[in-house]
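The values are calculated or read from the model by the stated rules, or taken from the named source; none is laboratory data. Computed from a predicted model, the values in this text were never measured in an experiment. Cβ atoms come from the backbone with ideal geometry, glycine included; neighbour counts cover every protein chain shown.
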Amino acid sequence: MKKIGILLGLGNLLGGFSTFFYFKYFLPSTENNPRIPGYYDTLFFLAGMAMLACLGFALLKRKSGRTLYEVAEGRLSITKFDPSTIHHLQRGALQYPMVVTVISFLIWNLAGFVFGFLEPLIQAKVFNLPTPDLVLCLRQFLGIILLGGGVTCMVLFFVLENAWRPYIPRFFPEGHLNRVKHVFKVSVRKRFLVVTLGIILIPFPIIATTIVSNINQLNLADALTRSKLISSLYWELLFISMDTLTIALILAYFLSKSISTPLLKIKGVIKDVENNDLETRLEIMSNDELGDVAQGINAMILSLNESRRARDSFGRYMCQEIREEILSGKTSLDGEMKRVTLLFSDLRNFTSMVEKNHPRQVVTILNQYFNEMTLAVKEHKGLILQYVGDEIEAVFGAPVGFDDHPEMAVQAALEMRKRLAALNITLEEQGFDPLEHGIGIHSGAVLAGNIGSHERMSYALVGDTVNTASRIEGLAKIYDTDVILSQTTHDLLTGSYVTRQLEPVKVKGKEEGVIVYKLLS
């Protein structure tokens, strides 16, 4: 905030001194009167400037602005206030450069009255001089408020806006600057329009009054005085031209900076996103079009981040190849008939394990078990359809079709056996009993697709094959083995496996006995 105070004071001071310099040395409307001391103009200028500076300081440091400064400096958090106060502070933050500029311009108008009309009247009264010419007073008044105040305040607005922007995010931790209503918005179009019209229109009244005033004096002057007036007019017009050119360059710099700086930050964030950094964010520092673009980019990054999390979550249930195939849109999730291989897995003696251990320990054991089994399924391009209690339902060949889905399921079952053996060693080290599970595998036709309500859908399989696979998994306990294959799956295998045919057995929903095989290795 000290920087802003220094810029505000320095900007107005430079504008005041340049205006004084112009009227003191480039606008000698009359010969210096010997009755007026040489120090009078300087003394009156300094006294007037001090009075106006005190008035401006009092207006800017009013009580209502202290909280605004404390939040901007970080001494107070905007979140500690009630919604009404937050809205008031946010409006104040967005309007701060404009409010300060308007106050400065009002002070300049007062300065125009003091130095343009009041000073000549006081001077005439104190030193018994003739009443000052109204045209000269008007010329000085317009010069102060337009050439001095207009240009100074225009430059001051862009300087203050650039200096104030870094404080804006402290008032809007979540962005959304445009949600604050009834706030004056300086759009990019308005910036160019104000600067262009200001540079073009402000010098016109000054030049016009300068020429008119000199013409009036030329009509009443002798040859020597006319020569001096013409020379003075040359210098006045040169000063106005150089001053306007300098101001134009300054305004062009700050105008371009107010646009290029946000654009460069946007470019940097886009580069970060290209480099796969979705944690990057743009600080929104204005409520114009550039602020809207920054807000939109942040929303886009948030959406991409959510998509990535959903993609990563999606990948927990299937291998990368299947995930990419589904996300690419090449695979239909509508209902369709497919030939697949189903794998059901169920823990043995789960009820007794729950009775022996604390619920938290049970969850810990299940999480470790499911993690290992899921990795085995994913490794062989399977999809976990659901976890039901201690049971796992997985499918191979859907939603992405594979010709060797029976092979993939059997390989996954062997991997699950291997991983369970390793997990049991870990569980014993943790003080838990080893786990046993039964796996049933069956191949056949199913109806696969998104099934559910309008509010919630899930990818599921429907058909007799699903029921049969579940029944076969239940046979593992009867035959005291861990992996059982249906005859259909067994006959479709192309690899070399060691199996043993078991006695046919009837299962629920089947009139004839089902031929199954025990998978040895």
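Summed over segment 61-98, the residues that are in a helix (DSSP H, G or I) and surrounded by 14 or more Cβ atoms within 10 Å (Cβ to Cβ) give a count of 21. Taking residue 4, is it at pLDDT below 80, of a type in the set (Val, Ile, Thr), surrounded by 11 or more Cβ atoms within 10 Å (Cβ to Cβ) and not in a helix (DSSP H, G or I)? Considered against the rule, which asks whether it is at pLDDT below 80, of a type in the set (Val, Ile, Thr), surrounded by 11 or more Cβ atoms within 10 Å (Cβ to Cβ) and not in a helix (DSSP H, G or I), residue 4 comes out as no.
Filtered by the rule that a residue be in contact (Cβ under 8 Å) with a residue 40 or more places away in the chain and touching an Asp or Glu at 6+ places or on another chain (Cβ under 7 Å), segment 354-379 gives 376, 379.
Residue pairs whose Cβ atoms lie under 7 Å apart, separated by 6 or more positions or on different chains, with the first residue in segment 400-415 and without any contact (Cβ under 8 Å) to a residue 60 or more places away in the chain and the second among the aromatic types (Phe, Trp, Tyr) and crowded, with 19+ Cβ neighbours inside 10 Å, are 402/396. Can you tell me which residue among 110, 147 is within 51 Å of the chain's Cα centre (by Cα), at pLDDT below 80 and either buried (at least 17 other Cβ atoms within 10 Å of the Cβ) or assigned to a helix (DSSP H, G or I) (or both)? Checking each option against the conditions leaves just 147.
Selection of segment 402-456 for residues being over 46 Å from the mean Cα position of the chain (by Cα), closer than 25 Å to residue 478 by Cα and of a type in the set (D, E, K, R) yields 407, 417, 418, 433, 436. Considering (1) in contact (Cβ under 8 Å) with a residue 40 or more places away in the chain; (2) surrounded by 15 or more Cβ atoms within 10 Å (Cβ to Cβ); (3) over 46 Å from the mean Cα position of the chain (by Cα), the lone condition that residue 487 does not fulfil carries the number (1).
Please list, ordered by residue number, the strands (runs of 3 or more DSSP E) wholly in segment 402-509 having 1 or more residues that are aliphatic (A, V, I, L, M). Explain how you work it out, then say what you get.
Values: elements: 437-452, 457-462, 483-486, 499-501.
Answer list for segment 402-509: 437-452, 457-462, 483-486.
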